[in-house]
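Written below as structure tokens is the structure these notes are about.
The values are calculated or read from the model by the stated rules, or taken from the named source; none is laboratory data. All of these numbers come straight from a predicted model, not from anything done at the bench. Virtual Cβ from ideal backbone geometry, glycine too; neighbours counted across all protein chains shown.
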Amino acid sequence: MPRLLPLALLLIVCAVILGGCATRPPQQQDNICSIFNQHPRWYDYALASERRWGTPIAVQMAFVQQESSFRARARPERNRILGIIPGRRPSSARGFAQAQDPAWQDYQQATGRRGARRSNMRDALDFIGWYNDVSHRRLGLAKNDAFHLYLAYHDGHTGFQRGGWRNNQQLQGIARRVEQRAATYQRQLPACESRLRCRRWYQIRPFCR
């Protein structure tokens, strides 16, 4: 029994190290194929979210890049008191999708996914798909309209309806960048998507799904 303890500890350490590597931000974030080459499971998660909720893979990934630069534990910078002392964070946003507490709780309640975590890419992409599906149903936004979907994502559904974003040039500029990145990702994706769908030993073209 005592001899098993060092082995168990080694396995735990390896799992921690591998887990850290699994969430390391992609080195080339301007190319969706490079992102999925580094993290192929992210493609599976984005595809599952697209099939469930309808938001294209490219739009989902553009949202994550803008919100967190693919950092699992991203959070807003703390406010500084007198420019030096760390104060409170400006919001409860966290994780890949920078989802705030109320929206995340709504997502968990609506989907029954009580164990979903914002630091998990599968959960974050499913959240983005769910949120955009709500934007589609409540606001009539097309699921490939990255510009307006992002505005609703940033301001909330009620905030989007109020229209404050129309006078916010900075926010519109960010939403335009998300739209452009989504378009770039969409152009790049066909170069690697068939390989990503058929990368497992048991998958045979043209039957990969």
Name the single residue that is surrounded by the fewest Cβ atoms within 10 Å (Cβ to Cβ) among those in the range 41-58 being over 15 Å from TYR131 (Cβ atoms) and touching a helix residue (DSSP H, G or I) at 6+ places or on another chain (Cβ under 6 Å). TYR45
Quick check on ARG94: is it closer than 22 Å to ASN31 by Cβ and free of Cβ contacts under 8 Å to residues at least 60 places away in the same chain? no
Here are some residues: LEU141, LEU149. Which one is over 16 Å from GLN66 (Cβ atoms) and out of contact with any strand residue (DSSP E or B) (no Cβ under 9 Å at 6 or more places or on another chain)? LEU141
Checked the range 1-33 for anything modelled with pLDDT of 95 or more and surrounded by 15 or more Cβ atoms within 10 Å (Cβ to Cβ); matches are GLN29, ASN31, ILE32, CYS33
Any residue that is within 23 Å of TRP42 (Cα to Cα), aromatic (Phe, Trp, Tyr) and touching a residue at least 60 places away in the same chain (Cβ under 8 Å) - is there at least one of those in the range 131-154? yes
Matching residues in the range 100-129 (surrounded by fewer than 20 Cβ atoms within 10 Å (Cβ to Cβ) and of a type outside the set (Gly, Ala, Ser)) number 13
Counting only residues that are part of a helix (DSSP H, G or I), without any contact (Cβ under 8 Å) to a residue 40 or more places away in the chain and in contact with a Lys or Arg (Cβ under 9 Å, 6 or more places away or on another chain), which one in the range 107-130 is nearest to GLU179 (Cα to Cα)? PHE127
Would you check which residues across the range 153-186 are within 15 Å of ARG138 (Cα to Cα) and part of a helix (DSSP H, G or I) and list them? TYR153, ASP155, GLY156, HIS157, THR158, GLY159, PHE160, GLN161, ARG162
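Each row is one residue, and each column tells you yes or no for (1) at pLDDT 95 or above; (2) closer than 18 Å to SER68 by Cα.
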residue: PRO86; (1), (2): no, no
residue: ARG94; (1), (2): no, yes
residue: ALA97; (1), (2): yes, yes
residue: ASP126; (1), (2): yes, yes
residue: VAL134; (1), (2): yes, no
residue: HIS157; (1), (2): yes, no
residue: ASN167; (1), (2): yes, no
residue: GLU179; (1), (2): yes, yes
residue: ALA191; (1), (2): yes, no
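So which of TRP130, TRP104 is farther than 19 Å from ARG75 by Cα and either aromatic (Phe, Trp, Tyr) or over 17 Å from the mean Cα position of the chain (by Cα) (or both)?
Numbers: TRP104 fails: farther than 19 Å from ARG75 by Cα.
Criteria check complete, one pass: TRP130.
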